[in-house]
1. Tell me, please, whether a residue that is surrounded by 10 or more Cβ atoms within 10 Å (Cβ to Cβ), under 27 Å from the mean Cα position of the chain (by Cα) and aliphatic (A, V, I, L, M) can be found in the stretch 32-49.
2. Does LEU22 satisfy the criteria of being open to solvent by less than 90 Å² (accessible area, probe 1.4 Å) and part of a helix (DSSP H, G or I)?
3. Residue by residue through the stretch 94-124, note down the ones that are of a type in the set (D, E, K, R) and open to solvent by 100 Å² or more (accessible area, probe 1.4 Å).
Amino acid sequence: SSLSENSGQKWSSEILVTTSYLYDKKQLISELGNKVDELKLHNEYQLRLREMHYQDTLKEKADKFNRELQQQKMKYEVLKDEQQDMEMEYEEKIKLKEDQHCKQVQQLESFYQSQLMQEIEKYS
């Protein structure tokens, strides 16, 4: 036991307490420790629940995004195919028009050539 000196008197640093007081304090410390452990478990549980919720939400968003991405890719492919079909169709139409034009030009040349020859024969 340590002694301190105050105004020349010696006081003891030890205090007398009843066992019931110590028992009550020990009981209170035990109850508060249990409450702390219970709150820790509760908080960990709440954190796990929140994390699971966020994981589910994230998975749903990712799945939705991937579905939309696939739909857009399919739309793109359909449009690309349609574009290629239209290009081929118009190329065929242009070729057909060019062929018709060439044929008409040849017919006109032939017609005017024969007209010219008739005129020449008239005057020869």
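The values are calculated or read from the model by the stated rules, or taken from the named source; none is laboratory data. All figures in this text were calculated on a predicted structure; none of them were measured in a lab. As a convention, Cβ positions derive from the backbone with ideal geometry for all residues, glycine included, and neighbour counts pool all protein chains shown. With ligands, DNA and RNA removed, areas are computed over all heavy atoms of the protein, side chains included. Shrake-Rupley method; radii C 1.70, N 1.55, O 1.52, S 1.80 Å.
1. yes
2. Working: open to solvent by less than 90 Å² (accessible area, probe 1.4 Å): no; part of a helix (DSSP H, G or I): yes.
So LEU22 does not fit the description; no.
3. Once the filter is applied, which keeps residues that are of a type in the set (D, E, K, R) and open to solvent by 100 Å² or more (accessible area, probe 1.4 Å), the stretch 94-124 yields LYS95, LYS97, GLU98, LYS103, GLU109, GLU121, LYS122.
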